[in-house]
Amino acid sequence: MESIIERINQNKFWQFHGGIHPPEQKALTSAKPIRQLPLPKQLILPLQQHIGRQGDLLVKVGDKVLKGQPLTQSSNPMAVPIHAPTSGSISAIKKSVIAHPSGLNELCIFIDVDGEDTWQPREICHDFTKLSQQQILKKIADSGIAGMGGAGFPTHIKVNTKPDINFLIINAAECEPYITADDLLMCEQSEAIIDGIKILDQLLDPTFILIGIEDNKPRAIKALQRATKDIEKITICVLPTKYPTGGEKQLIKILTGKEVKSGALPIHSGIVVQNVATCFAISDAVINDIPLIRRVVTLTGLALSKPQNVWALLGTPVNYLLEQAGFANEGDTPTGTSPPVIMGGPLMGFSVLNELVPIVKTSNCILAPSKTEMPSAFDSGSKEVECIRCGQCSDVCPSQLLPQELQWSAKAKDHQQLTKLNLFDCIDCGACAYVCPSQIPLVQYYRIAKAEIRQQQQLDIKSEKAKLRFEARKLRLEKEKMARAEKHKKAAAARKATMNEKSTNGGAASSAVAAALARVKAKKKANSKSSESIVSNDQNTELPVTSSEESDEKSQVKAAIARAKAKRDAKNNAASKETNTSDELPVASSEESDDKSQVKAAIARAKAKRIAKNNKASEDENTKNEMQEATSNKNNQENNTDDKKAKIAAAVAKAKAKAKAKKENAEPIPVSDDKKAKTAKATTAKTTTAKTDDKKAKIAAAVAKAKAKAKKKQTMQEEPLPIANNEKQVPFKSSNEESE
Ligand code: SF4
Ligand code: SF4
């Protein structure tokens, strides 16, 4: 089987499906050298000029910047930095319209150019072969290089791949009409381009290096052949002109015969494709330490008096470039608006609605056609008609899609069907629209559909991330809840085990509360016992016992009551007698009143003692000891008082007896016989009664004395041994209390 290289050496190439041959219109600019333009007054730099993410700002408004100074940076590999194309100051950082078919506004840095064009310090590399792969990759990444063929994919990612690369393909086809930027770059910077290819060779170490270039660029072909004549590894492949040969998959197909399937990348087939302008940028970055701050832009179209290729600084507004190219603002559109300006070629480009749109890393052409040159661009109204299902679009589609079905689904916004029809395999070449007899702007429908799907995908990704965060939070809360429940369960089990352990220790380890309750109960019991005045026979008891005192008090009270009763009886007897002799014996009444007062006094004392006793019995435990002592003293006093009372009663009784006897011996009062007889009889009765009373009184006095003596004796026996005052105040304690 014939090898790929053998076929190439014989100028045999494969064919890709479809394709068209539109008028080239390259002669407008291909013969003119690349022009260096004067510095514009202002540059507008979008933060994102590639596929990926924008970097973080390194500058703020008012900062002075030098040429080549980085303006953004990021650790995200998909973020590519941008640099100051010249020296100046940051006049604004705000949203502005960018070079995109949507015409959206994005964040841009506005630099007021100072005209000095002062470089930041640079480090020239005189021998890049001594650089390591990582050093080369870092230089490429730090220089902000992204694919300059139109896709804008970060180059440092594309070339940072594992070995086993069979083909490194340099895309020099530049197949779109009008555009000659790469052609002129190859003519003027072939050596630098070859240096860039060598750097890629050092990084990727491919088996073959193929430069694919269309045969409509003879000067560039010669320049490359001169630059590569001593490099066997590099093969220049001159391809037949056909649009879109410059498509990545189409170029791979032509050169290698391999087809990159839908959704796959060339690297999966061992192939890396780089644009020729990107190779120049790599060379500039690695060798000259020049970041990507400029590029060649084709200014073309019959509306320009000086169509040409120019070195345009990134951020240069389109209107400045058009002015430099002699743009004739004809104003001859039917609506009276400015004539159309297209960024890119006539097939893949898009209209620029605002001339302040800046040049970015992927901008390769500004086309300003005249009305005669491209009349469709001046039509304000659409001439689109219904699809006639001619199938010409399918015939020319290089991606072998069904353009008519795609446009139907795009109009219906059936994103699912569009995905099934492999919409994203469409390279926006515009070949289908170019051949469509119904003048349907097919590519415009595809671009809008792609943007809608990408936006929906972004929303879906955000929604999925939010859902994942919600699920993660829900799971975390559930875990925390379970952990808390487990913790509480363990704590409860530990408490239960502790209680069981205490209970199994037989009370020795019972709770402090239970012990305290037991002590309180014991104390109450001891207090109640002491209040009952139950005295043991133990002679070693130090404190006097209250019960004996109370019984003594009771006996005293009983004795007093007995005396009072005896006196009352005596008084009643005497009163009954005096009732008969009251007129005759007035002295008796005085004696009775004397007796009554004594009886009343005795009763009053007895009552007072009883009340005092009751009051004392209700006093608390702490005062009982004092009461006991006081009672003891009182007992002594009362004993003495009773003794005295008994003596007094005996003396009174004697006195009464003497008085009666004296009265009886006194001369009688002269009265009648009857009266005398009555008086004598009464006197005899009184005398008898007085004697009886006298005897009773004596007996009572003797009894009282005996009782008093007995009580005194008993009290003397029961009196406590002399102890210290503080010891007397010590209450009786149970053995339990003492154990505390
Ligand atoms: S070329 Fe146009 S008219 Fe023909 S099938 Fe395709 S979309 Fe329809
Ligand atoms: S624009 Fe898309 S659908 Fe149309 S021919 Fe090109 S690749 Fe095919």
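Every read-out reported here was derived from the displayed coordinates using simple, explicitly stated rules and does not represent laboratory data. The model shown is predicted, which means the values in this text are computed figures rather than measured ones. No Cβ is skipped: glycine too gets one built from the backbone with ideal geometry, and neighbour counts run over all protein chains shown.
For the reader, a short list of remarks on this structure follows.
- Nearest-0.05 FRET efficiency for Lys502 and Ile648, computed from C-beta distance (R0 56 Å): 0.20
- Extension gain from His17 to Ser262, taking 0.36 nm per residue of separation minus the Cα-Cα distance: 86.7 nm
- When the chymotrypsin sites (Phe, Trp or Tyr not before Pro) in segment 1-107 are filtered for DSSP coil states and for at most 16 other beta-carbon atoms within 10 Å of their beta-carbon, the remaining sites are Trp14.
- Least to most buried among His50, His268, His126 (fewest other Cβ within 10 Å first): His126, His268, His50
- Radius of gyration over Kirkwood radius for segment 75-144, both on Cα atoms: the Rg/Rh ratio is 1.07.
- A convex hull fitted to the Cα coordinates of segment 1-79 yields 284 cubic angstrom per residue.
- Sparse-neighbourhood loop sites, GluC sites (Glu not before Pro) in segment 70-131 - DSSP loop, at most 13 other Cβ within 10 angstrom: Glu116, Glu123
- Our estimate of slack between Thr129 and Ile561, defined as 0.36 nm per intervening residue step minus the Cα-Cα distance, is 141.5 nm.
- Inter-part distance where segment 1-47 and segment 286-318 are each reduced to a Cα centre, Å: 15 Å
- Kirkwood Rh, Cα atoms: Rg over Rh of segment 3-47: 1.25
- Gain in span if fully extended, Lys383 to Lys607, counting 0.36 nm per residue against the direct Cα distance: 67.0 nm
- Percent of alpha-carbon pairs separated by more than 20 Å within segment 110-178: 55 percent
- Relative contact order of segment 49-160, taken over Cα pairs closer than 8 Å and 6 or more residues apart, is 26 percent.
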